[in-house]
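In what follows, a single structure is set out as structure tokens and then discussed.
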Amino acid sequence: MSEKLFEELEKTSNLIYDKMDDLIPEIDGSRVGESRLSRAMRYTALSEGKRIRPFLVMKSAGLFGVSESSAAQVASAIEFIHAYSLIHDDLPALDDDDVRRGKPSCHVAFDEATAILAGDALLTYAFEVISHPSTHADSKVIAELVQSVAKAIGAGGMIGGQMIDIMSEDKELNIEEITRLQRMKTSALFAISCESGAILGKAPFTLRNALRGYAYDIGLAFQITDDLLDAQISNDDESQRVNKSEEKGTYVSIMGVEKSKKQTEMLCEQAISHLEVFGKSPQSELLKDLARYIVNRKN
């Protein structure tokens, strides 16, 4: 990862952390239910993470001269949605994961009912944040943002992808089905992160489509890289050896490690090509660096 990209990712992460910290109030303990819900929301939303999706919002918005305050509002809402998805993914009824980002998952730290409600609250609050007058002065922009985000994370996007993922446990998916699954489950939120910045900037559809193409490619590359990392066998501790390359529903399970690596490289190059329309602006160069980082990351 280039030093400049590292600096910008850290800067964005700190900015969005502070923004989310302000947006989710810490409620007095005397209001027992509300206080517990607030703590559960903050527990996941404010946990450590790369905050790639907010970074995409901020840099795509920067391409069109959108103010930092407006972009940060939407970036925080997108991160709330991501946090909600993580809480629900970890639930026993779905992936049943007890650890998230190096600490107990929300349903373990609190309880299952609180986790479900915290996820619901983060999702609905995201739309409250997006639709707030301080996000954008143009009500048409707000309406388009709300509709576009809802579409990206709904039955035809992130949630639909999760449903396909659940159903894939009992069947063998082919490469086309896996691609569709990952484009819906992972890439859709990457795409709306980029497109949100363009919507805020009232960008023409040609430029929105370029950003959407870039985002779908890096989103798919991100997921394949995750699968590759899962498929690696640790040689550091024999007792901790884990090899997930045999799991269904992944590129690695069908194409193998080497072909999957080549696929991520192709997706990286393709993603970068989508950004050529923006020239060598600072924002587009950082987005190109992000694509390279995604396919070369080690964790």
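FYI, it's all coordinate maths here, none of it is from the lab. Since this is a predicted model, take the numbers as computed values, not measurements. Note that we place each Cβ from the backbone using ideal geometry, even for glycine, and neighbour counts take in every protein chain shown.
If the segment from Arg101 to Glu276 were pulled out straight at 0.36 nm per residue, it would be longer than the present Cα-Cα gap by 59.6 nm. State the Cα centre-to-centre distance between region 96-146 and region 51-75 in whole Å. After rounding, the separation between the Cα centres reads 18 Å.
Rounded if a/c is under 1.5, else prolate if a/b beats b/c, else oblate: with a ≥ b ≥ c from the C-alpha gyration tensor eigenvalues square-rooted, which is the chain? Since a/c reaches 1.5 but b/c is at least a/b, the shape of the chain is classed as oblate. Run the quick spin-label model on Gln232 and Lys298: label points 7 Å from Cα toward the beta carbon, then report their separation in nm to one decimal. Label at Gln232, label at Lys298, 0.7 nm between them.
Are any of the pairs Lys4/Lys288; Lys59/Lys103; Lys50/Lys259 more than 19 Å apart by Cα-Cα distance, and if so, which? Over 19 Å apart, Cα to Cα: Lys59/Lys103; Lys50/Lys259.
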